[in-house]
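Asker: Let me give you the structure first, and then I'll get to my questions.
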Amino acid sequence: MTAQPSGHPSGAAGFLHRFEGLRARLPGARLGFVDALRGEAAEAFRQQGFPTRRVEAWKYTDLRPLAAAGFDEPLTAVDSAPDLPPAHGAARAVFVDGRFREDLSALDGLPYAARSLAETLPGLAGRLGGLARIDAQPMVALNTMLFEDGLVVTVPAGVAGGVLDLVSVATASERPEAFHPRHLIRLGAGASLTLIETATGPAKARYLHNPVYEIEVAAGAALTHAQLQQEGDAGFQLSTVYARVDEGGTYDNFTLNAGARLVRNEIHAILAGPKAACHMNGAQLLQDGQHADTTTVLDHAAPDCASRQTYKTVLAGRSRGVFQGKIHVHQIAQRTDGYQMNQALLLSPEAEIDSKPQLEIYADDVKCSHGATVGEIDAEQLFYLRSRGIPEARARALLVEAFLKEAIEGVQDETARGALDAAVTGWWQRQERAA
Amino acid sequence: MPAVTETIDTVQSVTEGAYKWGFETDIEMEFAPKGLNEDIVRFISRKKNEPAWLLDWRLKAFAMWQKIEEPRWPAVSYPPIDYQDAYYYAAPKQTVKPRSLDEVDPELLKTYAKLGIPLKEQAILAGVEGAGETPSEGGRMPVAVDAVFDSVSVATTFKARLEKEGIIFCSISEAVQNHPELVRQYLGTVVPQGDNFYAALNSAVFTDGSFVYIPKGVRCPMELSTYFRINAKSTGQFERTLIIADEGSTVSYLEGCTAPMRDENQLHAAVVELVALDDATIKYSTVQNWYPGDAEGRGGIYNFVTKRAQCRGRRSKVSWTQVETGSAITWKYPSCVLLGDDSVGEFYSVAITNNRQQADTGTKMIHVGKRTTSTIVSKGISAGRGQNTYRGLVRVAPTAGSARNFTQCDSLLIGDQCGAHTVPYIENRCMTAKVEHEATTSRIAEDQLFYCRQRGLSEEDAVGLIVNGFCREVLKELPMEFAVEAQKLLQISLEGSVG
Amino acid sequence: MLKIEGLTAEVEGKQILKGVDLEVPAGEIHAIMGPNGSGKSTLSYVLSGREGYEITGGSVSFNGVDLLAMEPEERAAAGLFLAFQYPVELPGVGNALFLRTALNAVRKARGESELDAMQFLKLARERLKALHISEDMLKRGVNVGFSGGEKKRNEVLQMALLQPKLAILDETDSGLDIDALKIVADGVNALRAPGFSALVITHYQRLLDYIVPDRVHVLMQGRIVQSGGPELAKQLEAEGYASVQAAA
């Protein structure tokens, strides 16, 4: 696809067209390394375009509705104060339409640095783009080309950072808007942080939230990262996380997909040092015509590392769920312990689930397994509950909760787990009210 | 040095000559000119005295083939194949069917002897009329054999006996002459000409293969078997097998294959189509032992095969069992399309890759009918520098109410230079369906080896025993005679470079 | 039968055996007792040739042959049998097939004829019956899904079939109820003969009520610190290892 010269071209061409127009005004335009990176990303995006289903990694997620939408960048900042989701801790960074809002944030007096990316760009040479891959990931190339802001967190060695809320709110606007925040999180040796990201947006608003995370967890550090995706029902979210974990470090990710018309949550974790660990858990709660895709790639690139993944998808209405999860064990990664389970529960005859777990193993002394199940609510269990006097709707709800429990209980951090529980319960209450 | 490493080293040293079937038969052959074009397709069709509709069918396939791209998605790598640098027709020059053993080309006889086929069967294979009519000694169930030597079927045994039951078992060339209506009705209905690159190629140039028709209500009284042998240099083998099990019938079919050791790679692109009607059962077993190439990866067969079954009838059943030990590269996915309500598909597979072998194999189970069930059991063993991929698709259509699938994929790694990969696809659009998939990866543990050795087993025997145990669920699906062969073959295949 | 002289051995660079001297004459049953971590299991693994145990000094001769120079399967063929403390599971490998393969490997090494499936089954049935073990055990995978007691019984069955010259029982009594303990003891006692010796490694005296040893040795901190008759085991039971430590 190439940029068209006139009007408001849509799809990849539209984004490239706007990049050409905006390039000199984007943050960091005068910083050589930033502008060069954007140029490379634009070239990569030009070559790849929006991925089609012919690309193996996008086999089950069709981006045509997104490509057809024709987005604008939110050039004028909103200064009203939109409703914010409840806070989980004292510290919070708030982004409205992808822009950092100091007035709504609370980042003072923290034992670590948390600042707007736009303001800290000059000091990010070598760190920005250090993990993200523009060559193989068109959505990452798009983000790199057009990012305007983001959150930069640096927790010094040995510091316990506590809980940090990262809030992203989209506002309604006349034309569909797109924002591409870039968040950089770095934990020094032995440091810890719980990052709880909540993404929301208004009903019926069409927008694209396309965040990219570059996360570095140094030796012995521990990051808990909860992503509570509750975007508006016409919104698109395409999120890509890159996490690198060094020796003895832990990266604990939980993703909730409960909102958006179309969401793809992609996580690439690299266990780069011995005895590093990664836990990935997730729940997808889908209804109507929602499409949710969780794609994980776990690279075991060092010996003695462990990874655990548990993903659960509940599908109602005409929704469609996708899970793709690859465990890649490099030859050096002896004594790897890798486990992955993904399960789907179909509540509707019109729903569809596609699942592609994958093992790619080049070391022999490993213990790797994956499992996948798809099914409906167990008739015997349902009957048992009803025979004890529980009404059918409640019995179903109990069984769905039980189904999700395993994924939520896998989350170590209590605050994060509480946030998840609340989000899941909220989803259920909305379901029951609608029914 | 840990025991496993030591074993690997020991066994790596005996690689040379591990392939016992690697000899070449010096026999007078007839070839078509090298290369592939419409004239070659016409040449083959003329040589086989085919009706016009079949020539048209081939030419259509050839036209499709020219437009299809060679698949690049399998996890295998090989240099580009020059499709113009091969012979597409090669046959032993034997025009008159021999009447006694003395008339059979002695080189052909020697070939069968070397392949370890007993004397009596040898007479059968060489096409001596009448030899197959005597029941074999020891009261064992006789096996009817169709032997395909390079491009043509050289003999089919027990034909008369089978005809008494109304069973047709012959080469597909003969079927085209004698049962054209059946061939025309079913050919290409399971695997259409343009299905994929290799199927299109096969449809254009297929030279022979087996044809089986089991009439209504008949239980085939013996195992049917085809023995494939590639012998000539620079030839591809493109056989086409078509098996039709009519209502209420049952058949068990076996397939075996070998080839000489050569430095060049040879292409084997077969198509197998199975049709099972109401209440029919087809059991299809393969022991694939094409030449795998040497320890450095020189030579060996490229085995690019399309095998598919349609369970068209209610309660029909197709069971694929494969033991894949040979070939430099294996690319095959024996599949079941479960159309009839309550139909059943099964896939049991053992695939070994040793030295530099690559295998990308698995199955597709397509559930369309109600209450259809499928079972997949795949055992991959990687050794040496082998790369072994299981790739499978389970698709459940909205119409397949209460469909069930269970998949178990296990990989065993022997040594740290090999790879084991699992790529299952699950696509479910039916609420009441239940799909379960499990995959594990393991290696032979030091303590298992030591335990066996403490009881007096040599390391090699211990590994053989453990590997056979690992494959047991699949091997038990093979017919008895084949199972014993397969077990030995597993051990021999591992000798090449494993512990 | 077995003569160990000045045996020292390391595991992962740590010295476990620090000079073991022990002689087991033909026809005798010796017990080795000792507290946890004294080197009992290491001794049994070193004698049977397990990887990962580095012999740093000393010698072991088995009927006049250098045992330490032999591969594990050669030791088995020469008549050394180790009843494992934790018998390993071999999924998919049938017990009958495993036993026959092992028996024939050992028979072959001894220059005896191999048994076919029928001959083997006859022999196995006899042994099973003598040991009061259900025939069902032959049909199952080797140790797969076996209870602790079943695994130990399976070890004894293997011993009965392979007819070793020297059996090493590595804490075979751990986790056994009294009935299983008797089966194990009966298995060993049935083999008692002038040409059979056994080394019974145990933590407790209990097993020695059923397999009465000719000699008892106490292994502590990698050395035999005391030897005596069966009464030594009773004394240890009553007074604990501390008394030996004080004496040593």
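What follows is calculated from the coordinates using simple rules that are stated; it is not laboratory data. Please read all numbers here as calculations on a predicted model, not as lab measurements. Cβ atoms come from the backbone with ideal geometry, glycine included; neighbour counts cover every protein chain shown.
Asker: Using the Cα centre of segment A:11-377 as the reference point, and only Cβ charges (+1 on K/R, -1 on D/E), how large is the resulting charge dipole? Debye, rounded to the nearest 20.
Answerer: Computed about the Cα centre, the dipole is about 420 debye.
Asker: In the protein assembly as shown, with Lys and Arg counted as +1 and Asp and Glu as -1 at Cβ, which of these residues, C:Phe196, B:Trp65, C:Ile168, has the Cα nearest the positive end of the dipole, that is, farthest along it?
Answerer: B:Trp65
Asker: Let me ask something else. Let me know the charge dipole size of chain C about its Cα centre in debye, to the nearest 20, where only the beta-carbon of Lys, Arg (+1) and Asp, Glu (-1) is charged.
Answerer: 460 debye
Asker: What share of the DSSP beta bridges in segment A:11-377 is antiparallel, in percent to the nearest 5?
Answerer: Percent antiparallel among DSSP bridges in segment A:11-377 is about 5.
Asker: Given the options A:Thr296, A:Ile196, A:Gly21, identify the residue whose Cα lies farthest towards the positive end of the charge dipole of segment A:11-377 (+1 on Cβ of Lys, Arg; -1 on Cβ of Asp, Glu).
Answerer: Of the options given, the answer is A:Gly21.
Asker: Also, quick follow-up: Residue by residue, what Karplus-based ³J(HN,Hα) values in Hz, rounded to whole numbers, does segment B:338-355 have, using 6.51, -1.76 and 1.60 with θ = phi - 60° and x for Gly and Pro?
Answerer: Those phi angles translate into 9, 8, x, 4, 6, 7, 10, x, 9, 9, 10, 9, 10, 10, 10, 10, 10, 6 Hz.
Asker: Treat each spin label as a single point 7 Å out from the Cα along the C-beta direction, and report the B:Ala160 to C:Asp179 distance in nm.
Answerer: About 6.4 nm separates the two model spin labels.
Asker: May I pose another question? Under 17 Å from the Cα of C:Lys129, which aspartates and glutamates turn up, not counting those fewer than eight places away in the same chain?
Answerer: Straight-distance partners of C:Lys129: C:Glu150, C:Glu155, C:Asp179, C:Asp186.
Asker: Turning to a different aspect of this structure: Based on the Cα atoms of segment A:140-297, what semi-axes does the equivalent ellipsoid have, where each is the square root of 5 times one gyration tensor eigenvalue, given in whole Å with the largest first?
Answerer: So the equivalent ellipsoid measures 28, 16, 13 Å along its semi-axes.
Asker: As a footprinting exposure proxy, order A:Met341, A:Met145 by other Cβ within 10 Å, with the fewest listed first.
Answerer: A:Met341, A:Met145
Asker: Rank these for me by crowding, B:Val396, C:Val106, going from fewest to most other beta carbons within 10 Å. Intermediate results must be reported in sequence, preceding the final value.
Answerer: On the way: B:Val396 30, C:Val106 23.
Sorted ascending by nearby Cβ count, the order is C:Val106, B:Val396.
Asker: Further question: So how compact is segment B:323-363: Cα radius of gyration and Dmax in angstrom?
Answerer: Here Rg and the maximum Cα pair distance are 13.3, 44 Å.
Asker: Please arrange B:Trp290, B:Trp53, A:Trp58 by counting, for each residue, the other beta carbons lying within 10 Å of its beta carbon, fewest first.
Answerer: Fewest to most other Cβ atoms nearby, the residues stand as B:Trp53, A:Trp58, B:Trp290.
Asker: When only alpha-carbon atoms count, how far does segment C:1-116 stretch along each of its three principal axes, as whole angstroms with the largest first?
Answerer: 46, 33, 24
Asker: Nearest 5 is fine: what % of DSSP beta bridges in the protein assembly as shown come out antiparallel, could you say?
Answerer: Percentage antiparallel, nearest 5: 15.
Asker: Further question on the same structure: Hey, what's the per residue convex hull volume over the C-alpha atoms of chain C, in cubic angstrom?
Answerer: Details: hull volume 29.8 nm³, N = 248.
Value for chain C: 120 Å³ per residue.
Asker: Once both labels are modelled 7 Å past Cα along the beta-carbon direction, what's the A:Glu401-C:Ala109 spacing in nm?
Answerer: Simple spin-label model gives 6.2 nm for this pair.
Asker: Now for a different question. For B:Leu393, what residues show an amide H to amide H distance below 5 Å, using hydrogens built from the backbone and excluding near sequence neighbours?
Answerer: B:Thr363, B:Lys364, B:Met365, B:Tyr425
Asker: Okay, moving on. Which percent of Cα pairs goes in each bin when the distances of chain A are cut into 10 angstrom slices starting at zero?
Answerer: In order of increasing distance, the bins hold 5, 22, 32, 27, 12, 2, 0, 0 percent.
Asker: Of A:Pro181, B:Thr207, C:Gly64, which is farthest along the charge dipole of the protein assembly as shown in the positive direction, counting Lys and Arg as +1 and Asp and Glu as -1 at C-beta?
Answerer: B:Thr207
Asker: Let me check the size of segment B:357-491 from its C-alpha atoms; what are the radius of gyration and Dmax in Å?
Answerer: Rg and Dmax of segment B:357-491, Cα atoms, are 17.6, 57 Å.
Asker: Something else about it: Could you sort B:67-75, A:349-357, B:202-210 so that the peptide with the highest average Cβ count within 10 Å comes first and the rest follow in order?
Answerer: B:202-210, A:349-357, B:67-75
Asker: Restricting the calculation to Cα positions, tell me the Rg (one decimal) and the Dmax (whole number) of segment A:264-364 in Å.
Answerer: 15.1, 46
Asker: I need the calculated FRET efficiency for the pair B:Asp82 and B:Glu24, taking r as the beta carbon distance and R₀ as 22 Å, to the nearest 0.05. Don't skip to the answer; put the middle values down first.
Answerer: On the way: r = 22 Å, r/R0 = 1.01.
Step by step, r from the Cβ atoms, then E = 0.50.
Asker: Also, quick follow-up: Can you tell me the alpha carbon radius of gyration of segment B:416-499 divided by the globular rule-of-thumb value 2.2 N^0.38 Å?
Answerer: 1.44
Asker: In whole Å, largest first, what are the principal axis extents of the Cα atoms in the protein assembly as shown?
Answerer: Its Cα atoms span 100, 98, 65 Å along the three principal axes.
Asker: Among all helices in chain A defined by DSSP H, which have a length of 18 Å or more along the axis from Cα atoms plus a Kyte-Doolittle mean of at least 0.0?
Answerer: A:392-409
Asker: Past 23 Å, Cα to Cα, is the threshold; run B:Lys307/B:Lys379; B:Lys379/B:Lys488; A:Lys356/B:Lys67 against it and keep the listed order.
Answerer: A:Lys356/B:Lys67
Asker: Follow-up question, since we're still on this one. What's the extension gain from A:Leu104 to A:Thr425 if we count 0.36 nm per residue and subtract their Cα-Cα distance?
Answerer: 112.9 nm
Asker: Same structure, new question: Zone of C:Val65 (label point 7 Å along Cα→Cβ, backbone N under 13 Å): which residues in segment C:77-92?
Answerer: Taking a point 7 Å out along Cα→Cβ of C:Val65, the residues of segment C:77-92 whose backbone N falls under 13 Å are C:77-81.
Asker: Then there is this: Roughly how many debye, to the nearest 20, is the charge dipole of the protein assembly as shown about its Cα centre, given +1 on each Lys and Arg Cβ, -1 on each Asp and Glu Cβ, and no other charges?
Answerer: On the way: 120 positive and 147 negative charges, 417 e Å.
Value, rounded to 20: 2000 debye.
Asker: While we're on this one: Spelling out what I want: for every residue of segment B:464-470, take phi, set θ = phi - 60°, compute 6.51 cos²θ - 1.76 cosθ + 1.60 (Karplus), and round to whole Hz; glycine and proline get x.
Answerer: x, 5, 5, 5, 4, x, 4
Asker: Using a basic spin-label model with each label point 7 Å from the Cα along Cα→Cβ, how many nm lie between B:Arg298 and B:Ile68?
Answerer: Calculated label separation equals 3.4 nm.
Asker: Give me the distance between the Cα centres of segment C:94-111 and segment A:255-321, rounded to whole Å.
Answerer: Result: 50 Å between the Cα centres.
Asker: Arrange the peptides A:63-71, C:46-54 so that the one whose residues have, on average, the most other Cβ atoms within 10 Å appears first. Before the final figure, lay out each step's value.
Answerer: Values: A:63-71: 17.7, C:46-54: 19.4.
Top to bottom by mean Cβ count within 10 Å: C:46-54, A:63-71.
Asker: Convert each backbone phi in segment C:104-119 into a coupling constant with the Karplus relation 6.51 cos²θ - 1.76 cosθ + 1.60 (shift: θ = phi - 60°), then list the ³J(HN,Hα) values in order as whole Hz, x for Gly and Pro.
Answerer: 5, 4, 5, 4, 4, 4, 8, x, 9, 6, 7, 8, 7, 4, 5, 4
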